[in-house]
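See structure below.
Bear in mind these aren't lab numbers, they're just calculated from the coordinates by the rules spelled out. Fair warning: this is a prediction, and the values are worked out from it, not measured in the lab. For neighbour counting, all protein chains shown are included, and Cβ atoms are generated from backbone atoms with ideal geometry for every residue, glycine included.
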Amino acid sequence: MSEIRQYLYCPRIVYWRRVLKMGGVETPLMRKGRERQARAIRDSLQLVPLRGCRVERDVDLHSGRLGLRGRLDGLLICGDRAYPLEVKFATPARSHRVQLAAYGMLVEENFGVRVDEGYLYYPGGAGLVRVEGLGRMRGEVLRIIKDLKGIIKGEYLPPPTRNRSKCRVCEHFSVCRGV
Ligand code: SF4
């Protein structure tokens, strides 16, 4: 799932990390971010309407069929339906919804439930946002997975992101330069 997140930020990151094996070392700043994330997950689960649903945190998910694995921040299981939840320290973006849809596909496969909706939590910003229509994003998720496989197996360097402001905070800028 981290590859989908990276791809949605910039497809080229997957090339640096998976093909050239660059990056991926946890810095003190990233460690601090993980602690902040754990607090935010706790806060978010107090905001979602539980309606007697079972709640799970840090849910490990895997699909050999899709070639995906990931750890979901939170999951509400309500009978034959489930609602994934992800925390984001960012401003709301479409890429967050696509990533949530990918988690939804993993949840369906791992738990045998249906996922149409979920939640994104933006601490200190937009707060808890209910996301509908996750099923409609499945085609986009499958297209991204196909692209990812093409980059990794074909060792193909994708074009740089069109949003060059992302390059300024990218850990691969020194080798990539965004060109
Ligand atoms: S520097 Fe820019 S183009 Fe290169 S990987 Fe990072 S975000 Fe993508």
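Grab the DSSP H runs of the chain that are 4 residues or longer, score each as -39,500 (n - 2.57), total them, divide by all residues and round the 222 nm result to the nearest 500 deg cm²/dmol. Write out the running numbers ahead of the final one.
Values: 6 runs with 71 residues, N = 179.
Only helices count here, giving -12500 deg cm²/dmol.
Among the listed pairs 21/153; 32/146; 21/88; 21/149; 21/146, give every one whose C-alpha distance is greater than 22 Å.
Values: 21/153 13 Å; 32/146 33 Å; 21/88 26 Å; 21/149 15 Å; 21/146 20 Å.
Correct reply: 32/146; 21/88.
Placing +1 on the Cβ of each Lys and Arg and -1 on the Cβ of each Asp and Glu in segment 1-95, which of 49, 16, 63 has its Cα farthest towards the positive end of the resulting dipole?
Checking the options against the dipole of segment 1-95, the answer is 16.
Over segment 28-153, with a single point scatterer placed on each C-alpha, what log10 of the ratio I(q)/I(0) does the Debye formula yield at q = 0.13, 0.22 1/Å?
Evaluating at q = 0.13, 0.22 Å⁻¹ gives log10 I(q)/I(0) of -0.52, -1.37.
Less than 13 Å Cβ to Cβ from residue 152, Lys/Arg counted +1 and Asp/Glu -1: what total charge do the surrounding residues give? Mind showing how you got there, number by number?
Details: positive: 12, 17, 18, 21, 146, 149, 153; negative: 3, 147, 155.
Net local charge, residue 152 excluded: +4.
Would you work out the charge dipole size for segment 43-126 about its Cα centre, treating the Cβ of every Lys and Arg as +1 and the Cβ of every Asp and Glu as -1, and quote it to the nearest 20 debye?
My answer is approximately 120 debye.
Quick test of your reading: applying the under-4.7 Å Cβ rule, which cysteines of the chain are isolated?
10, 167, 170, 176
Where the only charges are on Cβ atoms (+1 Lys, Arg; -1 Asp, Glu), what is the dipole of segment 89-170 about its Cα centre, to the nearest 20 debye?
Details: 14 positive and 8 negative charges, 92 e Å.
Magnitude of the dipole: close to 440 debye.
Shape verdict for segment 137-176, please, from the Cα gyration tensor: rounded (a/c under 1.5), prolate (a/b greater than b/c) or oblate. Could the numbers behind the result be given before it?
Numbers: a/c = 3.11, a/b = 1.57, b/c = 1.98.
In terms of gyration-tensor shape, oblate.
Find the relative contact order for segment 26-83 and round it to a whole percent, using C-alpha pairs within less than 8 Å whose residues are 6+ positions apart.
Values: 50 pairs, mean separation 16.1, N = 58.
Worked out over segment 26-83, it gives 28 percent.
Just want to confirm a number: the relative contact order over the chain, from Cα pairs under 8 angstrom separated by 6+ residues, in percent.
Numbers: 266 pairs, mean separation 42.6, N = 179.
After rounding, I find 24 percent.
Would you be so kind as to identify which of 79, 160, 105 lies farthest towards the positive end of the dipole of the chain, taking Lys and Arg as +1 and Asp and Glu as -1 on Cβ and the Cα centre as origin?
160
Taking K and R as +1 and D and E as -1, what net charge do the other residues with C-beta under 11 Å from the C-beta of residue 96 add up to? Walk me through the numbers on the way to the answer.
Numbers: positive: 5, 88, 94, 97; negative: 86.
Value of the local net charge: +3.
Placing +1 at every Lys and Arg Cβ and -1 at every Asp and Glu Cβ, with all other atoms neutral, what dipole size does the chain have around its Cα centre, in debye to the nearest 20?
On the way: 34 positive and 19 negative charges, 130 e Å.
Using only the charged Cβ atoms, the result is roughly 620 debye.
Whole-Å semi-axes of segment 111-179's equivalent ellipsoid, largest first, each the root of 5 times a Cα gyration tensor eigenvalue? Provide the component values of the computation, followed by the final result.
Working: eigenvalues 178, 91, 18 Å².
Result for segment 111-179: semi-axes of 30, 21, 10 Å.
Could the peptides 73-79, 63-69 be put in order, highest first, of the mean number of other beta-carbon atoms found within 10 Å of their residues? Let's see the in-between values first.
Details: 73-79: 18.7, 63-69: 13.6.
In decreasing order of mean packing, 73-79, 63-69 become 73-79, 63-69.
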